[in-house]
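Bear in mind that the values in this text are calculations on the coordinates, not laboratory data. Not measured: the values here are computed from a predicted model. Please note: Cβ atoms are built from the backbone with ideal geometry, for glycine as well, and neighbour counts cover all protein chains shown.
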Amino acid sequence: MKGRGNVDSIVSTMGVKLHYFEPSGRKIWTVVGKDNEYWLDPDLSFCSCADYYYNALSTGGQCYHLKAVKTALEQGKIEAVKFSDSEFDNFISALVRDLLY
Ligand SMILES: [Zn+2]
């Protein structure tokens, strides 16, 4: 499987980002892949990439973005960015716009 190299390069380039909203404590995870940024939820094992949609859902596996988050958590290599809750709606709209278009 080719995923391993991707995972290592994502983690080593700090491609795993945690967007932390205060004071609610809401968390949004994104992973910057080769050419796109993907939204994922490690708690639900969900990722917005096509690989997850076409493969992970049917085989029960995980795409390399989810593996990258897991590896980054283990190694403490996470880029955390704090936001205020008032920015949440804008952040989500921008993210969804990026994903859909
Ligand atoms: Zn993915």
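Within the chain, the ratio Rg/Rh, alpha carbon atoms throughout and Rh by Kirkwood, equals 0.96. Of 12, 45, 86, which has the largest mean-square fluctuation in a 10 Å C-alpha GNM of the chain? Comparing 12, 45, 86 in the GNM, the peak value goes to 86.
What relative contact order, as a whole-number percentage, does the chain give when Cα pairs under 8 Å and 6 or more residues apart are counted? Walk me through the intermediate numbers first.
Details: 139 pairs, mean separation 34.0, N = 101.
Computed over the chain, the figure is 34 percent.
Among DSSP bridges having both ends in region 3-100, what percentage is antiparallel? Round to the nearest 5. Percent antiparallel among DSSP bridges in region 3-100 is about 65. You can think of it this way: the chain between residue 85 and residue 43 has 13.1 nm of extra reach, that is 0.36 nm per residue less the Cα-Cα gap. Go through 12, 92, 25 and say which Cα lies farthest out towards the positive end of the charge dipole of region 6-101; charges sit on Cβ, +1 for Lys and Arg, -1 for Asp and Glu. The listed residue farthest towards the positive side: 12.
Counting only alpha carbon atoms, the long axis of helix 64-75 and the longest principal axis of the chain meet at about 70°. Computed about its Cα centre, the charge dipole of region 3-100 is approximately 260 debye, with only Lys, Arg, Asp and Glu carrying charge at their Cβ.
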